[in-house]
Amino acid sequence: MNKIPRGAAAALIAAAALTLTACGSGDPATTGGGSRPAAKPAALPTRDVVSSVRTDRAAAALLPADVRKQGTLSMATAVGGAPPGTSYLPDGKTMAGQDIDFADAAARALGLKLKRQAAGFETILPALGSGKFDLGVGNFGVTDERRKVIDFVTYINDGQGFAVREDSKLGKVTDLTQLCGLNVATGAGTTFEATLEAAGKQCAAAGKKDYKVQTYADSAALWGSLQQGRSDVVMSTINGLRFAVEQQPGLKFLNEFHRLDVGFAFKKGTPLARAFRAAVNRLIKDGTYERILKKWGTVPSGIKESRISPPEIK
């Protein structure tokens, strides 16, 4: 961001680091607004790509003895986005999504069962620190500020991007000052909101009118704002945006802006991280990992190796 260095933006939002979802709480849902037709939500893929995973003894040996003995872990899951984010199947009870498949597969490789509990995006990371949950999933991106207080085990690469109406004159966004004077919609309590707020003063410095950040806790309202012209552009997850625009007429994915590694989140210093890293690397090696990516249409976001809390991608 020339512009505002991404590292500098991260420093400005350090105080809010734990309350932000990594790539955003607003994984876009498939809904429309009043003046434009909306596509029906796409059915969640339900193909089983996990049950064939068997325990990897070497990875399981890295678990603490008490965890191996009890055989279960508690997992907080952020629910409410569109694919590949976690949603409920038509029964209203069963969670499905890319995060669910990756977590279930890693747990199977470790010989564990997960006790899932839905939780708000903004509550998961603090709850890990207090010991309420053993791990959390919710498309949590790895940032330098979060690495100070949370351990991450990476399993995919996602990040920030933009979507607009097809009649928009906005081109590829490489600098947030290109948004000056526009209404920008994003998820409430997300890194997108923090990034936009941190860079907001750049417009005034460039002699331009500030952009207005419009936040939405509900993804239906977010997309309705774009469809109906109350906002000019949406900033959200790369994978979520691509899925959403495919399901809604009159919209287009603009471009990727900034990539981030995404990982399972753990309490800082937990011995579980090494075991989960070994489990993810096993999934990559035996082909399970690629099957999950293909199921959710996210092959371009695949990684070659899982790491524990790598430095933030700049």
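Each of THR177, GLY189, ILE238 was placed along the dipole of segment 159-268 (beta-carbon charges, centred on the mean Cα), and the one lying farthest toward the positive end is THR177.
Taking the alpha carbon gyration tensor of segment 140-213, multiplying each eigenvalue by 5 and rooting it gives semi-axes of 27, 16, 10 Å, largest first. Only lysines eight or more places from LYS201 in sequence, or on another chain, were considered; those with a Cα closer than 18 Å are LYS3, LYS209, LYS212. Placing unit charges on the Cβ atoms only, positive for Lys and Arg and negative for Asp and Glu, gives the chain a dipole magnitude near 520 debye about its Cα centre.
Here the sum of -39500 (n - 2.57) over DSSP H runs of 4 or more residues, divided by the residues of the chain, equals -8500 deg cm²/dmol at 222 nm, to the nearest 500.
Placing +1 on each Lys and Arg Cβ and -1 on each Asp and Glu Cβ, with no other charges, gives segment 166-314 a dipole about its Cα centre of roughly 600 debye.
What is the sum of charges, Lys and Arg at +1 and Asp and Glu at -1, for the other residues whose Cβ falls under 14 Å from the Cβ of THR215? Spelling it out: positives minus negatives among the neighbours equals -2.
Taking a ≥ b ≥ c as the square roots of the eigenvalues of the Cα gyration tensor, segment 47-191 is classed as prolate, since a/c reaches at least 1.5 and a/b is larger than b/c. More than 21 Å apart: what percent of Cα pairs in segment 176-314 qualify? That fraction is 56 percent. With Rh defined as the Kirkwood radius, the inverse of the mean 1/r over Cα pairs, the Rg/Rh of the chain is 0.97. Compared with the dominant Cα axis of the chain, that is its longest principal axis, helix 272-286 is turned about 90°. Between TYR289, TYR88, TYR155, the GNM of the chain built on Cα springs shorter than 10 angstrom shows TYR88 fluctuating the most. Lys/Arg Cβ at +1, Asp/Glu Cβ at -1, dipole of the chain taken about the Cα centre: which of HIS258, GLY80, LEU135 is farthest positive-ward? The Cα lying farthest towards the positive end belongs to LEU135. Between helix 98-109 and the chain there is an angle of about 10 degrees, using the helix long axis and the longest principal axis of the Cα atoms.
Within the listed set ALA273, ALA265, ALA217, the residue fluctuating most in the Gaussian network model of the chain (springs between alpha-carbon atoms under 10 angstrom) is ALA217. Have a look at GLY71, GLY159, GLY240 and tell me which one the Gaussian network model of the chain (Cα, springs below 10 Å) gives the largest fluctuation. Result: GLY71 has the largest fluctuation of those listed.
Rounded to the nearest 20 debye, the dipole magnitude of segment 158-243 is 240 debye, with +1 charges on Lys and Arg beta carbons, -1 on Asp and Glu beta carbons, and the Cα centre as origin.
Read the figures in this text as sums done on the coordinates, not as results from a lab. Owing to the predicted nature of the structure, the values given are computational and were not obtained by experimental measurement. Because the Cβ atoms are built from the backbone with ideal geometry, glycine has one as well, and the counts that use them run over all protein chains shown.
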